[in-house]
1. Here are the criteria: (1) under 29 Å from Ile308 (Cβ atoms); (2) modelled with pLDDT of 85 or more. Tell me which single one Lys477 does not satisfy.
2. If we scan region 274-283, do we find a residue that is touching a residue at least 12 places away in the same chain (Cβ under 8 Å), surrounded by fewer than 23 Cβ atoms within 10 Å (Cβ to Cβ), in contact with a strand residue (DSSP E or B) (Cβ under 7 Å, 6 or more places away or on another chain) and not aromatic (Phe, Trp, Tyr)?
3. Would you pick out the residues in region 441-466 that are modelled with pLDDT of 60 or more and part of a helix (DSSP H, G or I)?
4. State all residues of region 403-428 that are touching a Lys or Arg at 6+ places or on another chain (Cβ under 6 Å) and either closer than 24 Å to Lys537 by Cα or in a strand (DSSP E or B) (or both); if no residue qualifies, say none.
5. So Ala366 passes all but one of these: (1) surrounded by 20 or more Cβ atoms within 10 Å (Cβ to Cβ); (2) under 15 Å from Gln553 (Cα atoms). Which condition number does it fail?
6. Let me confirm something: among Lys487, Lys477, Lys537, which residue is surrounded by fewer than 17 Cβ atoms within 10 Å (Cβ to Cβ), more than 26 Å from Glu426 (Cα to Cα), over 17 Å from the mean Cα position of the chain (by Cα) and not β-branched (Val, Ile, Thr)?
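The values are calculated or read from the model by the stated rules, or taken from the named source; none is laboratory data. Nothing here was measured: the structure is a model prediction, and the numbers come from that model. Neighbour counts run over all protein chains shown; Cβ positions are idealised from the backbone, glycine included.
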Amino acid sequence: MATEGAYPPFNEIDKDGNLVGFEVDLQKALCEEINKTTPVKCELMAQDWDGIIPGLLAKKYDAIIASMAITEERQKTIQFSISYQNGPENHRGSDSNHSGKFIKDNFKDSKVKSYGKIEEFYLDLQAGRVDLVFIDAFIAETGFLKTPEGADYEMVGPEYVDPKWFGDGVGLAFRKEDNDLKEMFDNAIRAVYKNGTFKKISDQYFDTFQGDVRRLNDLPVFFSIDTLRFIICLIYRFKTDILKCLIGVAVKAADMAELTRMICRSFDMGVTHFDLANNYGPPAGSAEENFGKILHKELKGYRDEVIISTKAGYDMWDGPYGEWGSKKYLTASLDQSLKRMKLDYVDIFYSHRFDPNTPLEETMEALELAVKQGKALYIGISSYSPLKTVEAKQILKSRNIALLIHQPSYSMINRWVEDDLLRTLEENGVGCIAFSPLAQGMLSDKYLGKTIPKDARAAEKNSFLSKDFLTKDALEKIAALNNIAKKRGQTLSQMAIAWVLRRPEVTSALIGIRNMTQLEENISAVKNLTFSEKELKEIDKYAVTLPVNIWSQSSQH
């Protein structure tokens, strides 16, 4: 196998003449994985960049692992493994390969010079012999801009990620006839992702994960972001890939170790929106406190990438100002939430339910105050009726504050929002983030059997999901929906989430998860978001509103 040996920290030659770096360690791990089933001998050699593909074709070696982008141009002569890294092209091209063509074709009025080593163009840039360097942003950031020599320089212009030029990730290269070899390495790449070896290697060299996010959950594609639904987004924190604004995670109290794993895993899978409330627990407030600890310990460097929302409206303390929607309660509650999470602000602060005994003007004034005091960036409401939503919007508009979002319950067996609320939100430019798309777990495989599992929500004492909801008629409808999901190649949970997101008025959906399996299953709903007319008609036979909306009282005013 060959690598360049001149592209730190991915591959380089140390002072003792040894090949070292991220891809050197990855190559060893892949070969170890292959050797578990097929005896192979792996050797790694250095080869200059211009000669690296010709050397492969001349059978000087059998594979290349050198941060090589998977591009259409290269695939005319060689084949690639599945991608193991989301990285832009190594922009040090010459006439002997295509990597310099983007610059030559797109900057035709510029004089272009190619370099063989990174250090050479840094020196020319500092000496004023070149005005602009076109380079991998990560390499520029770590290898130059953060050094004393790079203090007077900055990154300019857009990010260039067009697959036509920069490929669809980075992969190992093979001769076209070596299909068996490619298959062995494809399987090895999947294995080192699955068993955590890839992440361990990445963590040794980088502060942020450098792999291909698709390998983490076998996502076949990345969805384009919808510019009309950009406020509450789940954006992959890897700059070259963007996921549509689809799923947020509702954080409630759980075993601290398991909660930490789930939050970190969801973030690694691209989730950046975490939804809380002052009363989430038990006990009330513990979810915010636990999330704050995890945020500061595990995700401290990513606060500016994370959307954190919290809500107030339900019972928190004794006395007349311990719940509902008074200015005193909402203000005190937000202060307590910030203290529990050790935050200066939240991104979104909600009125959790409509208060029929407090003037709506007072409730909206409390939300306005949160924004003007810098304690919340945006405000929202939850479980308000269409009429009260319009009134809230008008009150806030008169105060030059936008009503950003409404958070209603919505699922295949709780379709009240379709009567008028979704239309109202669209007409007033208010986003919709649906909670309980699984109807508190009813739209999952938990209730497909003849008995209620012990770990199911309906089996819990004092659960909001009453066993009375699980009527024979309801269970028959759920079973029928499950059969439709199977035909789509989805679990019932995945189809339920995708179904909620089918509506253009729905910005995002919140999922509440109890374990890692649920997390990965539910996020995978984004693999199939398209429904045929035939499927929707079949679903409508069984997706009828059942008496499961325990929040309906708030929306009846």
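1. Here Lys477 clears every test but (1).
2. Within region 274-283, not a single residue is touching a residue at least 12 places away in the same chain (Cβ under 8 Å), surrounded by fewer than 23 Cβ atoms within 10 Å (Cβ to Cβ), in contact with a strand residue (DSSP E or B) (Cβ under 7 Å, 6 or more places away or on another chain) and not aromatic (Phe, Trp, Tyr).
3. Asp445, Lys446, Tyr447, listed by residue number.
4. Leu403, the sole residue that qualifies.
5. (2)
6. Step by step, each of Lys487, Lys477, Lys537 is checked, and only Lys487 is surrounded by fewer than 17 Cβ atoms within 10 Å (Cβ to Cβ), more than 26 Å from Glu426 (Cα to Cα), over 17 Å from the mean Cα position of the chain (by Cα) and not β-branched (Val, Ile, Thr).
Here is a yes/no grid of residues against (1) under 20 Å from Ile82 (Cβ atoms); (2) surrounded by fewer than 17 Cβ atoms within 10 Å (Cβ to Cβ):
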{"residue": "Pro8", "(1), (2)": "no, no"}
{"residue": "Asp14", "(1), (2)": "no, yes"}
{"residue": "Leu26", "(1), (2)": "yes, no"}
{"residue": "Asn35", "(1), (2)": "yes, yes"}
{"residue": "Met45", "(1), (2)": "no, yes"}
{"residue": "Ala58", "(1), (2)": "no, yes"}
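Residues checked against (1) in a loop (DSSP other than H, G, I, E, B); (2) in contact (Cβ under 8 Å) with a residue 40 or more places away in the chain; (3) surrounded by fewer than 19 Cβ atoms within 10 Å (Cβ to Cβ); (4) not assigned by TED's automatic domain parsing to the domain that holds Gly292:
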site	(1), (2), (3), (4)
Gly325	yes, yes, no, no
Ala332	no, no, yes, no
Glu362	no, no, yes, no
Ala370	no, yes, no, no
Gly374	yes, no, yes, no
Tyr378	no, yes, no, no
Val390	no, no, yes, no
